[in-house]
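Below: the structure, in structure tokens.
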Amino acid sequence: MSDTTPDVAVIGLGRIGLPLALSFADRGLSVIGVDNDTARLGAIAEGRMPFMETGADELIARVHASGRLTTTSSVADAAAADAIVLTLGTPSLSHIEIDMSDIRSVLDDLLPLLREGQTIVLRSTIAPGTTEFVAGYLERKRGLRSGVDVFVAHAPERIAAGKFLEEIDTLPCIIGGVGEEAGARTARLFGVFDAEIVQTTPVQAELAKIWANIMRYTTFALPNLLMMDCEQYGANVFDVIDLVNKDYPRGGLAQPGFTAGTCLRKDFAFSEERSNAPGMLLAVSRVNESVPNFLVTGLKRRIAGGSLRDRKVAVLGLAFKKDTDDERDSLAHKLVRLLERELADVAVHDPHVASPTQPLEEALRDADVVIVAANHSEFSSSQTTQAIAALATDGALVVDPWNCLGSGQVFAFADELAALAGTEPTRS
Ligand SMILES: NC(=O)c1ccc[n+]([C@@H]2O[C@H](COP(=O)([O-])OP(=O)(O)OC[C@H]3O[C@@H](n4cnc5c(N)ncnc54)[C@H](O)[C@@H]3O)[C@@H](O)[C@H]2O)c1
């Protein structure tokens, strides 16, 4: 650590915190980054990104050379900074309740060290009421009144992974300060970016963030439910979606696919935990979560013998969404687990993730079933279609809820693929 007082501390150098810390440093702030993952700190110290983020390799090299970002594993070191931004994970407990344990633990570490005049910004996604809780916690435990002694605000991170460096300057930055001064100080901090600042109350900032994700989670549950309806009625989901949307001014039904990941899969719980209509969003979650099982059931219905035991299944894609290496809370993992419970011989290929997977050709060779589990760009290339046609067994079943391969069918047979045109997937 350097001797000078850092402008800002960022606690939690994950998918959100690290690009944010780098971006602050790139705009000229002196930044202290805190994480308790030593492997992650090691990569950063070498000027190397520990995960994929578009444009971040060049950014980290630039910041590394500038010396404006120092890192530490000690939360206490963060207390030296004028502003402290928390970018910690906020999972949901299986009780359908926000898991605030990382935030609580860091606050407890900071408590004895906080000093008057500091700004504390919650950047993590949090349940309504959490910002006011944090302000109240600091007052109750240390007598630090928010808006007078310290300044607490919520400035939710709304970027999509992979678009951080673009969206930090373009997405309106919502700020909900506990009191006007907290909002103003947080606005000055985030004013180093080009995005418009929108001031509101803490609870409105919290609601705006989680409801953006609830909207997406629900938007994608609808075509997934339709896909299951179509199976029941012997209809083609892609045809029905085209019929809904074609020249219809109130259309806009999305495409089916695996919908999960570390944000969408849990953020709904932050509404559901105190919902006035308990169950509605749980049902949305159940629809999205049941897609892997729907596919396994559907393919068993179609393959000869109706059993996957000792059959080779190639799963293409482990990441939770297109063109990312992030596999946290991916439904592809759930699919693999379900297939293994059928005693299938599962082979996985993903060109991006850190988990070891097989090369495409090896995964596809002699496969009885091929399942496109992530809509990576590579999978909608004609090479992938040709590789499946060439390497999978004759009559292999190809399961593609994304329509990456362009067959226009969720369940198709490999020999049909030869006749396919390469249709681009419509969802990212
Ligand atoms: N990933 C996204 O695309 C995204 C987008 C918008 C909002 N968010 C929200 O941002 C928050 C962070 O998400 P993320 O994906 O960056 O999480 P993450 O798990 O990648 O990062 C959290 C980091 O905090 C570190 N950490 C945990 N406890 C710590 C402690 N006590 N001291 C120091 N470091 C500690 C972890 O090692 C990890 O590196 C979450 O609330 C999430 O919902 C994420």
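If you go through the range 33-51 and keep only what is within 12 Å of the ligand (Cβ to nearest atom) and either in a strand (DSSP E or B) or open to solvent by 80 Å² or more (accessible area, probe 1.4 Å) (or both), you end up with GLY33, VAL34, ASN36, THR38.
Candidates are the residues of the range 266-303 that are of a type outside the set (A, V, I, L, M, F, W, C) and touching a Phe, Trp or Tyr at 6+ places or on another chain (Cβ under 8 Å); the one that is farthest from LEU222 (Cα to Cα) is ARG302.
From the set of residues in the range 402-414 that are touching a residue at least 60 places away in the same chain (Cβ under 8 Å) and under 17 Å from ILE303 (Cβ atoms), which is surrounded by the most Cβ atoms within 10 Å (Cβ to Cβ)? Write out each step before concluding.
Restricting attention to the range 402-414, the residues satisfying the condition of being touching a residue at least 60 places away in the same chain (Cβ under 8 Å) are 402-403, 408-411.
In the following step, the residues that additionally are under 17 Å from ILE303 (Cβ atoms) were identified as 409-411.
On the way: GLN409: 17, VAL410: 23, PHE411: 18.
For the range 402-414, the residue satisfying everything is VAL410.
Residues in the range 162-188 that are surrounded by fewer than 22 Cβ atoms within 10 Å (Cβ to Cβ), touching a helix residue (DSSP H, G or I) at 6+ places or on another chain (Cβ under 9 Å) and in a helix (DSSP H, G or I): 1 in all. Counting the residues of the range 146-161 that are assigned to a loop (DSSP other than H, G, I, E, B) and either more than 15 Å from the ligand (Cβ to nearest atom) or open to solvent by 50 Å² or more (accessible area, probe 1.4 Å) (or both) gives 4. Scanning the range 86-103 for residues being within 11 Å of the ligand (Cβ to nearest atom) and either closer than 15 Å to ASP26 by Cβ or in contact (Cβ under 8 Å) with a residue 12 or more places away in the chain (or both) gives a total of 11.
As an exercise: evaluate ARG216 against (1) in a loop (DSSP other than H, G, I, E, B); (2) of a type outside the set (S, T, N, Q); (3) within 16 Å of the ligand (Cβ to nearest atom) and give the number of the one condition it does not meet. In the conditions (1) in a loop (DSSP other than H, G, I, E, B); (2) of a type outside the set (S, T, N, Q); (3) within 16 Å of the ligand (Cβ to nearest atom), ARG216 misses (1) alone.
Six or more apart or on different chains, Cβ atoms under 6 Å: show the pairs whose first residue is in the range 7-33 and charged (D, E, K, R) and whose second is within 11 Å of the ligand (Cβ to nearest atom). That search, which allows pairs on different chains as well, returns ARG15/ALA161.
Just give me the residues in the range 57-78 being part of a loop (DSSP other than H, G, I, E, B) and basic (Lys, Arg), in sequence order.
Residue satisfying the conditions is ARG68 alone.
Among the residues of the range 57-78 satisfying the criterion of being of a type in the set (A, V, I, L, M, F, W, C) and within 13 Å of the ligand (Cβ to nearest atom), which is most open to solvent (accessible area, probe 1.4 Å)? If we take residues in the range 57-78 being of a type in the set (A, V, I, L, M, F, W, C) and within 13 Å of the ligand (Cβ to nearest atom), then ALA76 is most open to solvent (accessible area, probe 1.4 Å). Within the option set ILE98, ILE11, ILE84, ILE16, being among the hydrophobic types (A, V, I, L, M, F, W, C), touching a Phe, Trp or Tyr at 6+ places or on another chain (Cβ under 6 Å), buried (at least 20 other Cβ atoms within 10 Å of the Cβ) and under 22 Å from PHE133 (Cβ atoms) holds for one residue only, ILE98.
This table checks each residue for (1) in the same structural domain as THR324 (by TED's automatic domain parsing); (2) in a loop (DSSP other than H, G, I, E, B); (3) open to solvent by less than 20 Å² (accessible area, probe 1.4 Å).
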| site | (1), (2), (3) |
| --- | --- |
| ASN224 | yes, no, yes |
| VAL244 | yes, no, no |
| GLY251 | yes, yes, no |
| CYS263 | yes, no, no |
| LYS266 | yes, no, yes |
| SER271 | yes, no, no |
| ALA277 | yes, yes, no |
| SER285 | yes, no, yes |
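Among the residues of the range 79-113, those that are more than 18 Å from PRO6 (Cβ to Cβ) and assigned to a helix (DSSP H, G or I) comprise SER101, ASP102, ILE103, ARG104, SER105, LEU107, ASP108, LEU111, PRO112. Quick check on the range 355-367: of everything there that is within 14 Å of GLY317 (Cβ to Cβ) and of a type in the set (A, V, I, L, M), which residue is surrounded by the most Cβ atoms within 10 Å (Cβ to Cβ)? Looking at the filtered set, the residue picked out is LEU364. Evaluate the following for GLU196: is it under 25 Å from the mean Cα position of the chain (by Cα), more than 11 Å from the ligand (Cβ to nearest atom) and loosely packed, with under 15 Cβ neighbours inside 10 Å? So GLU196 passes the test.
I'm trying to understand the selection: among the residues of the range 115-130, which are crowded, with 19+ Cβ neighbours inside 10 Å and away from the ligand (no atom under 13 Å from the Cβ)? Correct list: GLN118, THR119, ILE120, PRO128. A Cβ distance below 7 Å, combined with a sequence gap of six or more or placement on separate chains, defines the contacts here; from the range 365-381, residues that are under 25 Å from THR297 (Cβ atoms) reach residues that are in a strand (DSSP E or B) and open to solvent by 10 Å² or more (accessible area, probe 1.4 Å) in the pairs ASP366/LYS312; ALA367/LYS312; ASP368/LYS312. All of LEU295, LEU318 fail the test of being open to solvent by less than 20 Å² (accessible area, probe 1.4 Å), under 23 Å from GLN358 (Cα atoms), in a loop (DSSP other than H, G, I, E, B) and away from the ligand (no atom under 16 Å from the Cβ), apart from LEU318.
The values are calculated or read from the model by the stated rules, or taken from the named source; none is laboratory data. Please read these numbers as outputs of a predicted model, since none were measured by experiment. Ideal geometry is used to build each Cβ from the backbone, glycine not excepted, and the neighbour counts take in all protein chains shown. Surface accessibility is based on the protein's heavy atoms, side chains included, excluding ligands, DNA and RNA. Shrake-Rupley method; radii C 1.70, N 1.55, O 1.52, S 1.80 Å.
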